[in-house]
Every structure is written in C-alpha cells, then in structure tokens.
There are 2 protein chains.
Amino acid sequence: MRVKPQTRAVEDYTKTIYTIAERGDVPTTNAIAGELDVRPASVTGMLRKLAALQLIRYEPYRPVELTEAGRRIALEVIRHHRLIETFLAQALGMPWDQVHEEAEILEHAISERLEDRIAEALGHPEFDPHGDPIPRRDGTIARRELRPLPAFSSGEAVRIARIRRQDAEALRYLGSLGLTPGTTVMIHDKAPLDGPLTLELRDLGTSIVLAHHMAQTVMAEHGDAS
Amino acid sequence: MRVKPQTRAVEDYTKTIYTIAERGDVPTTNAIAGELDVRPASVTGMLRKLAALQLIRYEPYRPVELTEAGRRIALEVIRHHRLIETFLAQALGMPWDQVHEEAEILEHAISERLEDRIAEALGHPEFDPHGDPIPRRDGTIARRELRPLPAFSSGEAVRIARIRRQDAEALRYLGSLGLTPGTTVMIHDKAPLDGPLTLELRDLGTSIVLAHHMAQTVMAEHGDAS
DNA sequence: ATTAGAAATTAGCTATGGCTAACTTACAAT
DNA sequence: ATTGTAAGTTAGCCATAGCTAATTTCTAAT
Ligand SMILES: [Mn+2]
Ligand SMILES: [Mn+2]
Ligand SMILES: [Mn+2]
Ligand SMILES: [Mn+2]
C-alpha cells in the first residue's frame, strides 16, 4: 500500500485533507490550518508542494482535492493511526482517551512490516476503539449508515458504533457514562429545543442524561445488530 | 527520567557517543560520523550545538565526553530502544534480526507513558533480545563480566549472554546456529592463529564451527549460571 | 456596480540539520 | 626541528517547514 517515502508533513497534510472532506467539511486553507494548528500562510506553502507532488489538485483561492495518489497516502497514514490505537488499547490496556495522542506520532514511525504484524496480532480489526473504520491494506474502507443519537426517536434502542471526537476530556466523560462502541442504549427522552437526552443503558439498567451537543458526537445504528 | 524535549538528532548523537564510549572506543568526530552515517563536517556542527546545550564537553580537535545531562538523555533513548526491541520480539514475535531497525525509529516516537506500559507488560526486563542491558528508569544499568567466546578455554561450558552485533545478516546467521542469549555451549576446540572455534550445543548435542571473528562478537559468561 | 471584510497568497524571515570544498591543526615519522 | 598526512573545522551551500507582515483576491451585502 505504500507508494514512496514521505515526510511527516506530507503525511499529516494529506491525512488532514482526507478527514476534513470525510466529515463533510470543505478542505480550505483555513480549515487545514485550524486542524493542524499552523498558520494559513504555512498551509499555502505546503499546498504548493503537495500539488507539485501530484498529491492534490490545487487552484489558488479554491478548496483542494486529493488525487488518487494523495488519497492512498492519506488512507495509509489513517490505517497506521487506527491500527496503533487499537493495538495500544487491546494489547497494552491503554485507555481510549490516551491512544489518539500516542498514535498521532507513531503513525509516522512504524514500518509496513510492523503494520502487518500488528494487524495480524489483532485479527485484522475493522474498527478502532472509537469505532472509526480502519482502512484495509488494499485501500478500501468499511462504510456504515450511522446517525447521531439525537437523530433517533424516543423509545428506540440503538447500538453505539462510533464517537466522533478525539479529545481526551470528552472521551473520558463518555467512557465514564458507559457510552462506548458496542453498547446498546434506549433513547428514553429527548428534551425539546436541542435539550439533553435521557438514555437507558441496556445492560446495567441505569439511566443517564446527556447534553445535546455531546449526543451529537455519538454515532449509532438501529437496534442491537452487530 | 526525561529532562526536556529533544530533537531526534540530539537523541541520536548522545546515544551514539554513549555507545562508542561504552564499547571501549574513543568518541571522535570521525567515529561519530561513521556510526551515524553522516559527514564529519556535519558532526562538528552538531558537537557545537550539543556543547551549547551542556550535553557534552567539547574542545575542538579532541574526543568528546557526555555530561551528566547528556548521559541521562543517552540512557533514556537506549532504554526506549531496547524495551521496544524486547517488546517487538516477545509480544509480536518479530525476529531478532528485524527489531533493531524498527526500534531505531520508534525510540524517538514513544512517550514516557507508553514506555512505562511496555516495561510493565514485559515484567520490567533487564535485557533485550540481543542480551544488551536495558537501562532502568532511574538511570542505572546492569553490569556483567562477559568475555567473548575466544577468551574461554577448550573444555569450558559457557552461557551465551550477549551478541555485540546488530546487522540483520549476522544475527540471522547466529540465530540459525542456535547461538542466542541463554544458550549454553561447550567450547570443544579452538584452532590456532585465530582459527575457527568448534562448539557443542548443550541442549541439542550438535556440533558447530564458528569463525574467530564471529565468535569474537558472542559474549558469554562461565558455566550455565542464570 | 461598488465595496468592505474575510480568506488566501506572497515576500521575506527563522531554525534545524544535512552537504561539499577549502582550510587548519595535531602528531608521528623522519 | 621539520614536515607529510590524517583528522577536524570552517565557510558557504541546500532543503524542509514553520513564522509574521504586507498584499491580493473573492464574495456577499449594499
Ligand atoms: Mn500526525
Ligand atoms: Mn480513533
Ligand atoms: Mn535513532
Ligand atoms: Mn539490542
């Protein structure tokens, strides 16, 4: 799946462009700068380089688009990232709120050989601890029809599948409530005007209340289908 | 054990200076350049920087010496390196001739938190797959009285403890002969004039012949003491 | 059609850590 | 004591990738 040796910056920019587009946002200079925590002027510089490398299509003042080659690199780095997260959580018992930060660096440091060994040791997982899909070696990636919790109706039982958030703070909070991928919850009540949701944890039978903006980051699918 | 964030170059140079001195060589500009595969002129530049950072004592045209701060950084990186080698071998079944290359990069990428988790998962090992001692968190390091195989006499039984070599080629060869740390061998014969050694593998009862210059890299201790 | 303001780009820096080519220094052999 | 040579240093490059400040462009509201 690797194409040729890339610098860390090239890997981070292509990954960022991919994820911005994947979540439905537009990969503008400012959006990329915000995501990577660099100044817009620096992004313009890198975009020129990525365009020269044929990894993006770039017209000044316009949003960018990954080429097939750029997409391949992005998926490669994301595969590293999510495999590492999964490995750290499963093999080393690292809490799910710490794995992202660690993977952010390790994703650039592991060889294809190690990538394969990790995938093998984990049994080629399809999803990471946050429910993010792990791109396969061949560049394909699992697609699911997920909706945020507030998009379901009261009375529905849903299976939490993915948390669209990576900051440790939020993850620790959601984890403490038991809202992790795989958990089934019943939507008990939705307060009006974007008010909090009341959820019932199927397994424990306990009831929890979750702010609308937090529930918005919890993606789920119908019933308790696996 | 960490002091403050260091660049990869700073970590590699201090590590290299430490290992050159540790094996009994003199850390000159040329020796460091050879080890790191850079030009001597580049080494001079970095030595000036390391001196400014108070990590080495440096007088132009003289061999360098690590300060206490420099030594701490070197030991930290070496601890990372050897813990990673051990982890890759034990937890992922990676062959001992591949772990060095991988660790050479990962040593700069893991956090102190991950370092601790790896050490914990392995039960705080004292030695890596090559028998190299793993510096402890407190900066101390196991010392052993080892001698190369040719330094023993015919008829002696010795326990292999360390291989002073890191190239995959040599490690694969020694591994194929069964000459790995922990193995006990009997020195059967030493041909004169730096000729090959004939060894008997205790467990298998088989006999092998090893060139003098290879035997020179195999460090052992008397008997089969653990 | 104008135009204000946001978004993006350009120009010109900086730091890091490589390199080659030219030079200086140290020292060992005479 | 002199001097040739290897070792080491200096000077002047280069690439990468960040920054600020100044400028240009796009667009949406008038
Ligand atoms: Mn990254
Ligand atoms: Mn994730
Ligand atoms: Mn290294
Ligand atoms: Mn080792």
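As I understand it, the dipole of segment B:18-144 uses +1 on the Cβ of Lys and Arg and -1 on the Cβ of Asp and Glu, about the Cα centre. Which of B:G123, B:G24, B:P95 lies farthest toward its positive end?
My answer, from the dipole projection, is B:G24.
With a 10 Å Cβ neighbour count serving as the proxy for reagent exposure, in which order, fewest first, do B:D189, B:D203 appear? Write down the numbers at each step before the final one.
On the way: B:D189 14, B:D203 9.
The fewest-first ordering by Cβ neighbours comes to B:D203, B:D189.
Could you work out the Rg to Rh ratio of segment B:109-213, with Rh taken as the Kirkwood radius (inverse of the mean 1/r over all Cα pairs)?
Numbers: Rg = 16.6 Å, Rh = 15.7 Å.
Radius of gyration relative to Kirkwood radius: 1.06.
Taking the rotation that carries A onto B, look along its axis and tell me which residue of A has the beta carbon nearest to it, distance in whole angstrom.
Nearest Cβ to that rotation axis, in whole Å: A:A109, 2.
Report, as an integer, the average count of C-beta atoms from other chains found within 10 Å of each Cβ along B:106-118.
Details: counts 6, 1, 2, 7, 4, 5, 0, 5, 8, 0, 0, 7, 2.
The shielding value for this peptide is 4.
Roughly how many whole Å is it from the C-alpha centroid of segment A:120-150 to that of segment B:111-162?
Answer, in whole Å: 40.
So, with +1 on the Cβ of K and R and -1 on the Cβ of D and E, and no other charges, what is the size of the charge dipole of the protein assembly as shown about its Cα centre, to the nearest 20 debye? Could the numbers behind the result be given before it?
Values: 56 positive and 68 negative charges, 200 e Å.
In total the dipole reaches around 960 debye.
Considering chain A as a Gaussian network with a 10 Å cut-off on Cα pairs, which listed residue, A:F152, A:F87, A:F127, attains the greatest mean-square fluctuation?
Per the Cα network of chain A with a 10 Å cutoff, A:F152 tops the list.
So, R0 is 25 Å and r is the distance between the beta-carbons of A:A151 and A:N30; what FRET efficiency does that work out to, to 0.05? Kindly include the intermediate steps, with their values, before the conclusion.
Numbers: r = 28 Å, r/R0 = 1.14.
It comes out at approximately 0.30.
Only counting other Cβ atoms within 10 Å, I'd like A:T86, A:T14, A:T206 sorted with the fewest neighbours first.
Going from sparsest to densest Cβ surroundings: A:T206, A:T86, A:T14.
How far is the Cα center of segment B:44-97 from the Cα center of segment A:200-220, in Å?
With segment B:44-97 and segment A:200-220 each reduced to a Cα centre, they are spaced 48 Å.
Which aspartates and glutamates have a Cα less than 18 Å from the Cα of A:K190, not counting those fewer than 8 places away in the same chain?
A:E156, A:E200, A:E221
Taking a ≥ b ≥ c as the square roots of the Cα gyration tensor eigenvalues, with a/c under 1.5 meaning rounded and otherwise prolate when a/b beats b/c, else oblate, which class fits segment A:1-55? Before the final figure, lay out the partial values.
Working: a/c = 1.86, a/b = 1.27, b/c = 1.46.
Judged from the Cα gyration tensor, segment A:1-55 comes out oblate (a/c at least 1.5, b/c at or above a/b).
Find every distance from the label point of B:T7 to the corresponding label point in the other copies (7 Å from Cα along Cα→Cβ) and write them in nm, one decimal, shortest first.
Distances to the matching label points in the other copies: 1.3 nm.
When the helix-only estimate is applied to chain B (DSSP H runs of n ≥ 4, each -39,500 (n - 2.57), divided by the residue count), what is the mean residue ellipticity at 222 nm, nearest 500 deg cm²/dmol?
Rounded to the nearest 500, it is -13000 deg cm²/dmol.
Normalised by the empirical 2.2 N^0.38 Å for globular proteins, what value does the Cα Rg of the protein assembly as shown take?
Details: Rg = 27.1 Å, N = 452, 2.2 N^0.38 = 22.5 Å.
That works out to 1.21 for the protein assembly as shown.
When each copy gets a label point 7 Å from Cα toward the beta-carbon at A:E145, what are the spacings between them in nm, shortest first?
7.6
Between rounded, prolate and oblate, where does segment B:1-158 land on the alpha carbon gyration tensor, with a ≥ b ≥ c its root eigenvalues, rounded for a/c under 1.5, else prolate if a/b exceeds b/c?
Numbers: a/c = 1.88, a/b = 1.26, b/c = 1.50.
Because a/c hits 1.5 or more and a/b fails to exceed b/c, segment B:1-158 counts as oblate.
Amide H to amide H, which residues 5 or more places from B:A161 or on other chains are under 5 Å from it, using H placed in the peptide plane?
Long-range HN contacts for B:A161: B:G182, B:M219, B:A220, B:E221.
Roughly what angle does helix A:68-92 make with the longest principal axis of chain A, taking Cα atoms, 0 to 90 degrees, to the nearest 10?
On a 0 to 90 degree scale, this one is about 50.
Computed from the coordinates by the stated procedures, all read-outs in this text should not be read as laboratory data. Here the structure is a predicted model, which is why all the values come from computation and not from measurement. Neighbour counts are summed over all protein chains in view; Cβ atoms, including those assigned to glycine, are modelled from backbone coordinates with ideal geometry.
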